[in-house]
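For reference, the structure is listed below as structure tokens.
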């Protein structure tokens, strides 16, 4: 049986845009600041390093009741005891990821269009990462911004939680929530902040206020 998940404030680690901070440091700060989910995004490290790091981050998240998702690597998620994995449109197909994860772990799928969202839901996704909402340089292949209208469109067409991603900051997070998102996913809004704990805390305040509102 999988743990409950809360997608309100979803912090993604980044090894390149992090001011020299490690994945573990980012995840720890995010959890302390009130993140409700953490995604470990490791692209170039050896698999053994990915698994070891994921296990350490999983322990921190588990103690705090925070959901840990591994980007792309379903095998690493399973080996490390993470709560699930997230795949993009060019990664392992969602149906295959679902089969490998089984029913006990969460599966997130990136969707930039209504069609991609509907296909992801049919394939067994548990939540959708929709974006890029705003312009972003964090992900080179993010494509043109889809805007808040796409959040509304997909939210109206799918029963799955929608997590907005791409160019989201403390200043615009509330607008994404008001457009229908269940949560926001951020990278540099936390990883490049002077104080990652405080940045996460402020983001959580904005999201919670918008959801209450």
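The values are calculated or read from the model by the stated rules, or taken from the named source; none is laboratory data. Computed from a predicted model, the values in this text were never measured in an experiment. All Cβ positions, even for glycine, are placed from backbone atoms using ideal geometry, and neighbour counts span all protein chains on display.
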**OP:** For segment 32-43, state whether one or more residues are more than 22 Å from residue 107 (Cβ to Cβ) and crowded, with 16+ Cβ neighbours inside 10 Å.
**Re:** yes
Subject >> Total residues in segment 145-162, condition out of contact with any helix residue (DSSP H, G or I) (no Cβ under 8 Å at 6 or more places or on another chain) and either within 24 Å of residue 22 (Cβ to Cβ) or in a loop (DSSP other than H, G, I, E, B) (or both) >> reply: 3
Original post:
Among (1) over 24 Å from residue 85 (Cβ atoms); (2) out of contact with any helix residue (DSSP H, G or I) (no Cβ under 6 Å at 6 or more places or on another chain); (3) surrounded by 18 or more Cβ atoms within 10 Å (Cβ to Cβ), which single condition is residue 179 missing?
Top reply: (2)
Original post:
If you scan segment 1-36, which residues turn out to be modelled with pLDDT under 95 and within 15 Å of residue 63 (Cβ to Cβ)?
Top reply: 3
